[in-house]
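The values are calculated or read from the model by the stated rules, or taken from the named source; none is laboratory data. Just so it is clear, the structure is predicted and the values come from calculations on it, not from any experiment. Cβ coordinates were reconstructed from backbone atoms using ideal geometry, including for glycine residues, and neighbour counts include every protein chain displayed. With ligands, DNA and RNA removed, areas are computed over all heavy atoms of the protein, side chains included. Shrake-Rupley method; radii C 1.70, N 1.55, O 1.52, S 1.80 Å.
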Amino acid sequence: MSNYFGLTPQLLSLDWGTSSLRAFLMRESNVIETRQSGHGIQHLPSSGTAGYEQAFAEIAGDWVAQWPQLPIVACGMVGSAQGWKEAPYVRCPANMQLLASKSITVQSGLGPDILIAPGVLFDVPDALPDVMRGEEIQIAGALLTNPQWAIRSCMLLPGTHSKWAQIENGRIVRYSTYLTGELFAVLSKHSILGRLMPAEGDSKSESDPAAFELGLATARRSGPGDLSRQIFGTRTLGLAGRLPLASLAEYLSGLLIGHELVSGMAGAGDLTSVPLVMIGAPSLCQRYVHSLKYMGQSADAVLDNTAPAGLWNLAMASGRIA
């Protein structure tokens, strides 16, 4: 192998989601270089297998040409039923050894194959089933870099589909998904609520911490079945002149995040004796940190992108790297 800026890569890893594809050259669990494209599984350059092969070749073809023996691992929606090749879910409780043993391979089109991680299914009697695909690798990355959290911790991954995962003895034992980000997008852009809100990027649209905290407070004092009524209150607060129209989106955001936190914190149990670890985009995590503090809870750690470390963990557990 040739050196890359003085370093020899040991792994090529892919975080392949719905809307984007990220590729990482790695050595000793550290990222040497990152690339990103818009070729998520719903935005491929062409349909079917050819689209995946082309997207992979465009983002990493020169790397493969330079290091043809470099192992390649991937996670995310690329392994879903709508992805390149399905890697069926494994059931909770799930650890990295189980994920590695149930990973599948697909031919890259450039010679080497790609190891794709499965998602995780939580399905027990008398509870709603739940699924994750990609977040399990982020959790694995957090546990690789901070082994003490493997004993027992709660992992919060805010986003379009927020996850609250309970970790015990290195295993994901249970988790809950909240449609917080997607619900906000649908309600603000595709419902009657959005008709009163300035368009995104409009100069009339502004940050309003007081409106956001009003949403949090409304969620905190809510009773059973109140959510849909409180969501409609986003409209009536504007019509009655109780909130400026430019602040309605902030209120709705606070309301939805607040309801997620009320439920998530209740499901997590006693967080005074369990580390609460947040993983996600810094700007969104900051909003959640503020919301947790408003609710009387703090995060013990806030991490950015742990997927590369999780993919390194997968490569080790599968024997792709020593």
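Quick one: which of Lys102/Lys189; Lys85/Lys163; Lys163/Lys293 span more than 30 angstrom between C-alpha atoms?
Distance filter (> 30 Å) returns Lys102/Lys189.
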(message) Before I look further, what does segment 194-265 give for accessible area per residue, probe 1.4 Å, in whole square angstrom?
(response) 50
(message) Tell me the relative contact order for the chain as a rounded percent, counting alpha carbon contacts under 8 Å between residues six or more apart.
(response) 17
(request) Identify the residues of segment 256-284 with backbone N under 17 Å of a label point that sits 7 angstrom from the Cα of Ser298 along the Cα-to-Cβ direction, or state none. (result) 271-278
(request) On a 0 to 90° scale, report how tilted helix 135-145 is relative to the longest principal axis of the chain, with both axes built from alpha carbons and the result rounded to the nearest 10. (result) 70
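How much area per residue is accessible in segment 1-132 when the probe is 1.4 Å and only protein heavy atoms are counted (Å²)? Present the calculation step by step, with values, prior to reporting the outcome.
Working: 6090 Å² over 132 residues.
Spelled out: the 1.4 Å probe surface of segment 1-132, per residue, equals 46 Å².
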(request) Could you list the trypsin sites (Lys or Arg not before Pro) in segment 161-243 that lie in coil according to DSSP, counting only those with at most 14 other Cβ atoms within 10 Å of their Cβ? (result) Lys204, Arg221, Arg242
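Going by average Cβ density within 10 Å per residue, which order do the peptides 144-157, 308-321 take, highest to lowest?
On the way: 144-157: 18.1, 308-321: 22.4.
Sorting 144-157, 308-321 by mean packing, highest first, produces 308-321, 144-157.
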(message) What distance in nm lies between label points placed 7 Å from Cα along the C-beta direction at Ser47 and Ala266?
(response) 4.6
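Given the DSSP H assignment, sum -39500 (n - 2.57) over each helix run of at least 4 residues in the chain and divide by its residue total; what's the result at 222 nm in deg cm²/dmol, nearest 500?
Details: 9 runs with 117 residues, N = 322.
Mean residue ellipticity, 222 nm, calculated: -11500 deg cm²/dmol.
Please get the size of the charge dipole for segment 1-71, origin at its Cα centre, with Cβ charges of +1 on Lys and Arg and -1 on Asp and Glu, quoted in debye to the nearest 20. It would help to have the intermediate numbers written out before the result.
Details: 3 positive and 6 negative charges, 14 e Å.
Roughly 60 debye for segment 1-71.
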(request) Decide, for segment 268-322, between rounded, prolate and oblate: order the square roots of the alpha carbon gyration tensor eigenvalues as a ≥ b ≥ c, take rounded if a/c falls under 1.5, and otherwise choose prolate if a/b is larger than b/c, else oblate. (result) oblate
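I need the shape label for segment 35-133. Rule: rounded when a/c is under 1.5, else prolate if a/b > b/c, else oblate, with a, b, c from the alpha carbon gyration tensor. Before the final figure, lay out the partial values.
Values: a/c = 2.91, a/b = 1.77, b/c = 1.64.
Since a/c reaches 1.5 and a/b is larger than b/c, the shape of segment 35-133 is classed as prolate.
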(request) Identify, among Leu157, Thr49, Gly109, the residue whose Cα sits farthest towards the positive end of the charge dipole of segment 44-158, taking +1 on the Cβ of Lys and Arg and -1 on the Cβ of Asp and Glu, with the dipole about the Cα centre. (result) Leu157
(message) Can you say what percent of the DSSP beta bridges in the chain, counting only those with both residues inside, are antiparallel? Round to 5.
(response) 70
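Considering only DSSP beta bridges with both partners in segment 12-130, what is the antiparallel share in %, to the nearest 5? Before the final figure, lay out each step's value.
Values: 17 of 25 bridges.
Given both bridge residues lie in segment 12-130, the antiparallel proportion sits at roughly 70 percent.
Is the shape of segment 43-201 rounded, prolate or oblate, going by the alpha carbon gyration tensor and its root eigenvalues a ≥ b ≥ c, with a/c under 1.5 for rounded and a/b larger than b/c for prolate? Mind showing how you got there, number by number?
Details: a/c = 1.99, a/b = 1.15, b/c = 1.73.
Because a/c hits 1.5 or more and a/b fails to exceed b/c, segment 43-201 counts as oblate.
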(request) Ratio to report: Rg/Rh of segment 128-195, with Cα atoms as the point set and Rh obtained by the Kirkwood method; give two decimals. (result) 1.13
(message) What do you get for the angle between helix 282-294 and the principal long axis of the chain? Use alpha-carbon atoms, 0 to 90 degrees, nearest ten.
(response) 40
(message) Solvent-accessible area of Thr49, probe 1.4 Å, all protein chains present, reported in Å² to the nearest ten, please.
(response) 80
(request) Let me know the charge dipole size of the chain about its Cα centre in debye, to the nearest 20, where only the beta-carbon of Lys, Arg (+1) and Asp, Glu (-1) is charged. (result) 440
(message) Among (i) 25, 47, 26, 2; (ii) 34, 59, 8; (iii) 30, 53, 17, 0, only one was calculated for this model; which label is it, if the read-out is P(r) over Cα pairs in 20 Å bins from 0, in percent?
(response) (iii)
(request) For Gly159, enumerate residues with amide H under 5 Å from its amide H, sequence gap 5+ or separate chain, H modeled in the peptide plane. (result) Gly181
(request) Convert each backbone phi in segment 91-104 into a coupling constant with the Karplus relation 6.51 cos²θ - 1.76 cosθ + 1.60 (shift: θ = phi - 60°), then list the ³J(HN,Hα) values in order as whole Hz, x for Gly and Pro. (result) 8, 5, x, 10, 10, 5, 4, 5, 4, 5, 5, 9, 5, 10
(request) State the percentage of accessible surface on the chain attributable to carbon and sulfur atoms; use a 1.4 Å probe and exclude ligands, DNA and RNA. (result) 52
